[in-house]
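Each remark here refers to the structure printed beneath this line.
A short reminder: the numbers here are calculations on the coordinates, not readings from a lab. Since we're looking at a predicted model, the values are computed, not measured. All Cβ positions, even for glycine, are placed from backbone atoms using ideal geometry, and neighbour counts span all protein chains on display.
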Amino acid sequence: MLEVKNIHAAYGKVNVLRGIDLHLEEGEIVAVLGSNGAGKTTLNHNLCGLYCPVEGSVKFSGMDITGWRPEKIVEMGMIQIPEGRRLFPNLSVLENLEMGSYKRGKASRTQNLERVFEIFPRLKERREQLAGTLSGGEQQMAAIGRSLMADPKLMIFDEPSLGLSPILVEEMFQLIADINRQGMTILLVEQNVVQSLNLANRAYVIENGTVTLSGKANELAENPELKKSFLGL
């Protein structure tokens, strides 16, 4: 479904990504792991068209989308749940959800809204509440619900556990697993190494803009180099 080859990216003269290769098969959960500043969010932005790679290619559903504008990539079905939620704080929960179907999913808006409210009953209760007044966990629910309104083929989660309490983190990872079991393909970009590897089929570890480790998630979880770098073991 997604094939990334030799992606190089920079901000001005500062190189951030230095030849990233990864792929994602339909139905998988693939984790991209790394510390702050490793290049994870930059990778997301280059996949979703917010920035154009300096070098390399991105293929999605068999099409080369390198350099496409973000709205066209959204229309293709690649939907990002951004770090920090990025809701419209002065719009209601319902209005934020409806915005998710602005470029894709209009025909199935009613059906998708019912699905979102079934997954997140709390959002149904707060449908008229301003999104900016929700708790952190509720805002994350709204951000995920907004993405589901677009009939995604691929959901990219950027640091979904950021700022959540340990209990809510557990719930968030369980929710991602549930969405995947319904057939959704997921790219999970996270710092939470242990839970991400417990959830994912495969994983890539990025350090200083390059992939330093990759493989099956359960095998990487036992990798002594990863344990030393990220878990202090």
Relative to the chain, whose Cα atoms define the longest principal axis, helix 109-119 and its Cα axis are tilted in degrees, nearest 10, by 80
Log10 I(q)/I(0) at q = 0.08, 0.10, 0.11, 0.18 Å⁻¹ for the range 2-231, from Debye over equal alpha-carbon scatterers, is -0.28, -0.44, -0.54, -1.40
For Leu162 and Lys13, extending 7 Å from Cα along the Cα-Cβ vector and measuring point to point gives, in nm, a value of 2.8
Note on the chain: contact order normalised by length, alpha-carbon pairs under 8 Å, 6 or more apart, percent, works out to 27
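So if each residue of separation counts as 0.36 nm, and I subtract the Cα-Cα distance between Glu75 and Glu207, what length gain in nm does that give?
Numbers: separation 132, 0.36 × 132 = 47.52 nm, distance 3.13 nm.
Roughly 44.4 nm would be gained on extension.
Rounded to the nearest 500, what is the chain's calculated 222 nm mean residue ellipticity when only DSSP H runs of at least 4 contribute -39500 (n - 2.57) each, over all residues? Walk me through the numbers on the way to the answer.
Values: 9 runs with 78 residues, N = 233.
The per-residue figure over the chain is -9500 deg cm²/dmol.
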Once the in-chain neighbours fewer than 8 apart are removed, the lysines whose Cα is under 20 Å from Lys13 read Lys40
Tilt, helix 136-148 to longest principal axis of the chain (alpha-carbon atoms), in degrees rounded to tens, equals 90
Ranked by GNM mean-square fluctuation in the chain (Cα springs under 10 Å), the top entry among Arg181, Arg104, Arg85 is Arg181
Burial-style ranking of 215-224, 135-144, 118-127, average other-beta-carbon count within 10 Å with highest first, yields 135-144, 118-127, 215-224
Pseudo-spin-label distance Arg115 to Ser92, built 7 Å along Cα→Cβ, given in nm, is 2.3
From the Cα centre of the range 23-78 to that of the range 183-228, the distance in Å is 17
Taking 49-61, 165-177 and ranking on average Cβ neighbours within 10 Å, highest first, one gets 49-61, 165-177
